[in-house]
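Here's the structure we're looking at; comments come further down.
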Amino acid sequence: MARQTSRATAPDLRSLLRVPPGPVHLAARGTRDTPGAPAGGKKGARAETERVRALLARWQERLFAQSTAGDPRCLLLVLQGMDTSGKGGTVKHVVSGLNPAGVRVTAFKAPTPEERRHTFLWRVRRAVPGPGEIGVFDRSHYEDVLAARVRGLVPRATWARRYAVINRFEQSLADDGVTVLKVFLHIGFDEQRRRLLARLDDPARHWKFTPGDIADRALWPAYQEAYEAALERCATATAPWYLVPADRKWYRNWAVAQLLLEHLELMDPHHPPAAYDVPAARRALLRT
């Protein structure tokens, strides 16, 4: 099948943004950087994002169509990041252009009483996309080695065991035909303050703010340490992490869209051949 983009001109963000093996130091990674960004700054990136979204819709159709012939493959986009890093905004600007019939978006909140009665992966397994679908996790199973760790919701021995459990879980997804794309939206401390202030200054956005957001800022160093551990310990060949600088929303949206496109291209889904005699069906139809 002919490629929908030119690899001679399109950046290889999988290489540029992939978190390499070894220790991760978030303080050394710029939150306003724009690696691989299209020419033309914000205007150019927004135009390119629209072009990529159109390509994503075509690839999504192929992925869904292929599942009707029994192909089990699907794609799961995992979005993680500090509050205001843009997980919801990314869904709005990137995924909203896809056919909703083939997309499953799950925003994981604090566990419900029922969910607490099960293992931490129970609710996550229930949200994994099915064949032909694109699933999106707005937060994910990683909260159980992030918030649970930082806030002391479970003993250290409990959250420390979960890294290996997560790696086995993600390997099992890959074995079942799920392509796992994990993106960490890396926002800066000062930029988060600016975005939180914008919510307070706009009555229409007060619902998006809670006093707990201020308390969490006091835990910023602990959260950065927890993210570093998760990025280091759960970056595998099967399910690597990609770090997207998130201070510039236009870059964040383009980068996630481009990463999604590159992964769909690698999956290379096809429209399945007809399981019937097309010319005969056409002749029969013309006789009606």
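Taking only pairs six or more apart or across chains, which ones have beta-carbon atoms under 7 Å, a first residue in segment 64-86 that is under 30 Å from residue 225 (Cβ atoms) and open to solvent by 10 Å² or more (accessible area, probe 1.4 Å), and a second residue that is hydroxyl-bearing (Ser, Thr, Tyr) and not in a strand (DSSP E or B)?
82/223
Of the numbered conditions (1) surrounded by fewer than 20 Cβ atoms within 10 Å (Cβ to Cβ); (2) not in a helix (DSSP H, G or I), residue 247 fails exactly one; give the number of that condition.
(1)
Among the residues of segment 74-81, are any of a type outside the set (Lys, Arg), part of a loop (DSSP other than H, G, I, E, B) and more than 13 Å from the chain's Cα centre (by Cα)?
no
Quick check, is residue 215 part of a helix (DSSP H, G or I) and either over 17 Å from residue 143 (Cα atoms) or open to solvent by 20 Å² or more (accessible area, probe 1.4 Å) (or both)?
Answer is yes for this residue.
Condition first: free of Cβ contacts under 8 Å to residues at least 12 places away in the same chain and hydrophobic (A, V, I, L, M, F, W, C). Now tell me which residues in segment 110-147 satisfy that.
Within segment 110-147, 110, 122, 147 qualify.
Considering each of 49, 34 in turn, give the residue that is of a type in the set (S, T, N, Q), touching a helix residue (DSSP H, G or I) at 6+ places or on another chain (Cβ under 8 Å) and either modelled with pLDDT under 95 or buried (at least 21 other Cβ atoms within 10 Å of the Cβ) (or both).
49
So which residues in segment 68-87 are hydroxyl-bearing (Ser, Thr, Tyr) and over 21 Å from residue 138 (Cα atoms), if there are any at all?
68
So is residue 115 within 21 Å of residue 266 (Cβ to Cβ) and open to solvent by 20 Å² or more (accessible area, probe 1.4 Å) or not?
Spelling it out, it is not the case that residue 115 is within 21 Å of residue 266 (Cβ to Cβ) and open to solvent by 20 Å² or more (accessible area, probe 1.4 Å).
Just wondering, is there one or more residues in segment 199-207 that are open to solvent by 70 Å² or more (accessible area, probe 1.4 Å), free of Cβ contacts under 8 Å to residues at least 40 places away in the same chain and assigned to a loop (DSSP other than H, G, I, E, B)?
yes
Among the residues of segment 154-168, write down those that are surrounded by fewer than 16 Cβ atoms within 10 Å (Cβ to Cβ) and either in contact with an Asp or Glu (Cβ under 6 Å, 6 or more places away or on another chain) or more than 20 Å from residue 125 (Cβ to Cβ) (or both).
Correct list: 155, 156, 157, 160.
Pairs please, first residue from segment 270-288 and in contact (Cβ under 8 Å) with a residue 24 or more places away in the chain, second anywhere and open to solvent by 80 Å² or more (accessible area, probe 1.4 Å), Cβ atoms under 7 Å, 6+ apart in sequence or on different chains.
Once the first residue is in contact (Cβ under 8 Å) with a residue 24 or more places away in the chain and sits in segment 270-288, its partners that are open to solvent by 80 Å² or more (accessible area, probe 1.4 Å) give 270/1; 272/68.
Assess whether residue 232 counts as being surrounded by fewer than 22 Cβ atoms within 10 Å (Cβ to Cβ), modelled with pLDDT of 95 or more and farther than 27 Å from residue 145 by Cβ.
Spelling it out, it is not the case that residue 232 is surrounded by fewer than 22 Cβ atoms within 10 Å (Cβ to Cβ), modelled with pLDDT of 95 or more and farther than 27 Å from residue 145 by Cβ.
Among the residues in segment 186-196, are any within 22 Å of residue 116 (Cα to Cα), open to solvent by less than 30 Å² (accessible area, probe 1.4 Å) and in a helix (DSSP H, G or I)?
no
Residues are listed down the side, and each one gets a yes or a no for (1) among the basic types (Lys, Arg); (2) within 19 Å of the chain's Cα centre (by Cα); (3) more than 14 Å from residue 257 (Cβ to Cβ); (4) in a loop (DSSP other than H, G, I, E, B):
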| site | (1), (2), (3), (4) |
| --- | --- |
| 47 | no, no, no, no |
| 84 | no, yes, yes, yes |
| 90 | no, yes, no, no |
| 95 | no, yes, no, no |
| 105 | no, yes, yes, no |
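The values are calculated or read from the model by the stated rules, or taken from the named source; none is laboratory data. Since the structure is predicted, the reported quantities are computational estimates derived from the model, not experimental observations. Don't worry about glycine lacking a Cβ; one is built from the backbone with ideal geometry, like all the others, and counts go over all protein chains shown. We work out accessible area using only protein heavy atoms, side chains counted, and drop any ligands, DNA or RNA first. Shrake-Rupley method; radii C 1.70, N 1.55, O 1.52, S 1.80 Å.
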